[in-house]
Amino acid sequence: VFEQLDKLKPLPFAQLWRELPGSSPTRREQKGLVFGSLIADGFLIVTAQKQSQVDELGRVLIREARGLGVAERVMRHSASLTELGRAGKWDAVRKELIATHADVEHAMIDLRDEKMAALISLGGWLRGLEIAAAAVEANYSPERAKVLAQPELVDYFAEELTTLPPLLAHTPLFEKLRAGLKEIQSILAKTGSGGLQPAQVRAIHAQAQDLDLSLRRNN
């Protein structure tokens, strides 16, 4: 996500930002998806160097980490994120945010919960795709649109969703995620030699936005 956003700078932050969720979803799997999307929000904050947003991000990350049982790991990162953000040390904030994501995923693997680690990554990728697609849509060029052409990643996450336990896989949220990723796969498969066109970028943005908003609904 950082690599994508770096290629799209300067970013229209006010257009890309949205309020962080005020409450946590009840299902643990949904908490994992939301945690990943919050990390992507952090990537946007860092890339745009928005000092005023760092404190709130740290608080919300800790809240979601409690629901995942990894609050201890996130708390030390959160304190560092806040301190570095206030000091404007953005390279260090960037490294700390990446370390936070990696530490939580490793914690899931230590707990033998590899599926949760994959869901955290999925949540982060979806929010990152939404941000990147919106940035390309706001200032389209074929060159900028190339950052969205990542069919291998879409295929990977689509495959991960097919391996979920049936009771989870058939909940409305995960059925919607599967259908949404299938739609994004279809858009990318139709990309011609000229790359993604404005209408395709708009379609990817709309799909990613709809899916990411679904993650944050507490139902």
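Values for this structure:
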{"quantity": "Residue in the range 147-170 that is in a helix (DSSP H, G or I), closer than 18 Å to Leu215 by Cα and open to solvent by 70 Å² or more (accessible area, probe 1.4 Å) present", "calculated": "yes"}
{"quantity": "Residue identified as among the hydroxyl-bearing types (Ser, Thr, Tyr), touching a Lys or Arg at 6+ places or on another chain (Cβ under 9 Å) and crowded, with 19+ Cβ neighbours inside 10 Å among Ser121, Ser78", "calculated": "Ser78"}
{"quantity": "Search result, residues across the range 20-53 that are more than 27 Å from His170 (Cα to Cα), open to solvent by 30 Å² or more (accessible area, probe 1.4 Å) and in contact (Cβ under 8 Å) with a residue 40 or more places away in the chain", "calculated": "Gln49"}
{"quantity": "Selection count where residues are under 14 Å from Leu196 (Cα atoms), modelled with pLDDT of 95 or more and of a type in the set (Asp, Glu), scope the range 117-166", "calculated": "1"}
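Conditions (1) in contact with a Ser or Thr (Cβ under 9 Å, 6 or more places away or on another chain); (2) at pLDDT below 90; (3) within 16 Å of Ile131 (Cβ to Cβ), marked per residue:
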position	(1), (2), (3)
Ser24	no, yes, no
Arg28	no, yes, no
Val74	yes, yes, no
Trp90	yes, no, no
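The values are calculated or read from the model by the stated rules, or taken from the named source; none is laboratory data. The model shown is predicted, which means the values in this text are computed figures rather than measured ones. As a convention, Cβ positions derive from the backbone with ideal geometry for all residues, glycine included, and neighbour counts pool all protein chains shown. To get the accessible areas, we keep the full protein, side chains included, count just its heavy atoms, and leave off ligands, DNA and RNA. Shrake-Rupley method; radii C 1.70, N 1.55, O 1.52, S 1.80 Å.
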